[in-house]
């Protein structure tokens, strides 16, 4: 008990992919950190979308990733088991084993949390992933021409003119924060706003009623934003300049970000080609335009492109132990 009191509580807020990278890195320090994650629950695309429409269940994919990331067992092995094997199960499309496990637990027992708790136990998770809400909702945005887009899938993979930029976001219907998520945020020593899609992952989580209040209630926690330094060329039409990203993000939190940890890796010629093939764009890191915040540049690129969970986790660990 005395040991746990001296351990730092770190709460990651965001979607499944970015949060999973952070948690995979931070779990290496699970003897010193109490890890939690508050995960977006408004995904409406692909497997999540079909499961929501057919069974009326919560979207399982993002929180599945975050939970698997906290297991002491090999992540690639767990990924192959839970996120590679697909089954038809009387559906139009095949679904991952992990998605079906969480969805079926809710479908047959009316309790999404029960299945999630069972998954945590089965993989011996070193932390706790919470859904930001257990109520059904959809992400909505307004573009700079006044057009309204409803649905995370239509925002994340837009079919509209990409020159139309996202101006603001909200949820329909309004939903309330899950009690476990509220407690995780209020008890944290550090709140980490995850890398990943700004609106469909991070802001979608912050929009749930009660999240802003939980952050405001926690006066001690420092807020750290992780910028991976890249974005999907065919993804959401939010800002691609760091200073503008921070402006948008701080519209949805009750107090300023304390520190930005950003990927300062300079791409090689080979990596430029790789990014083009993967349809990734580099963000503009206009750090000279950012004042009043700690800026920490770290090379967190992994071989083959993308973010290294180990490098990212170490950067965050060093930052919170300054």
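The values are calculated or read from the model by the stated rules, or taken from the named source; none is laboratory data. All values reported here derive from a predicted model rather than from experimental measurement. Because the Cβ atoms are built from the backbone with ideal geometry, glycine has one as well, and the counts that use them run over all protein chains shown.
Residues that are at pLDDT 95 or above, touching a helix residue (DSSP H, G or I) at 6+ places or on another chain (Cβ under 6 Å) and within 24 Å of residue 321 (Cα to Cα): find the helices (runs of 4 or more DSSP H) completely inside the range 192-281 holding 2 or more of those. Steps first, please.
Values: elements: 211-217, 242-250, 269-278.
Where helices (runs of 4 or more DSSP H) fall fully within the range 192-281 and carry at least 2 residues being at pLDDT 95 or above, touching a helix residue (DSSP H, G or I) at 6+ places or on another chain (Cβ under 6 Å) and within 24 Å of residue 321 (Cα to Cα), they are 211-217.
Just for the range 132-148: of the residues that are assigned to a strand (DSSP E or B) and within 11 Å of residue 208 (Cα to Cα), which one is nearest to the chain's Cα centre (by Cα)? Step by step, filter the range 132-148, then rank; the result is 139.
Of all residues in the range 232-248, those satisfying the criterion of being within 15 Å of residue 144 (Cα to Cα) and in contact with a strand residue (DSSP E or B) (Cβ under 7 Å, 6 or more places away or on another chain) are 236, 237, 238. State all residues of the range 158-187 that are part of a loop (DSSP other than H, G, I, E, B) and over 17 Å from the mean Cα position of the chain (by Cα); if no residue qualifies, say none. Listed by number, the residues that qualify are 158, 159, 160, 161, 162, 163, 164, 165, 173, 174, 175.
Evaluating residue 244 against the criteria (1) without any contact (Cβ under 8 Å) to a residue 12 or more places away in the chain; (2) over 16 Å from residue 197 (Cβ atoms) leaves one unmet condition, (2).
Quick one: is residue 177 touching a strand residue (DSSP E or B) at 6+ places or on another chain (Cβ under 8 Å) and free of Cβ contacts under 8 Å to residues at least 60 places away in the same chain? Spelling it out, residue 177 is indeed touching a strand residue (DSSP E or B) at 6+ places or on another chain (Cβ under 8 Å) and free of Cβ contacts under 8 Å to residues at least 60 places away in the same chain. Screening residue 31 against (1) modelled with pLDDT of 95 or more; (2) part of a helix (DSSP H, G or I); (3) out of contact with any strand residue (DSSP E or B) (no Cβ under 9 Å at 6 or more places or on another chain) leaves a single unmet condition, (2).
For the range 297-322, a residue qualifies if it is under 17 Å from residue 193 (Cα atoms), out of contact with any helix residue (DSSP H, G or I) (no Cβ under 6 Å at 6 or more places or on another chain) and in a strand (DSSP E or B), and exactly one does: 297. Only residues that are within 21 Å of residue 286 (Cβ to Cβ) and surrounded by fewer than 19 Cβ atoms within 10 Å (Cβ to Cβ) were counted across the range 260-270, and they come to 3.
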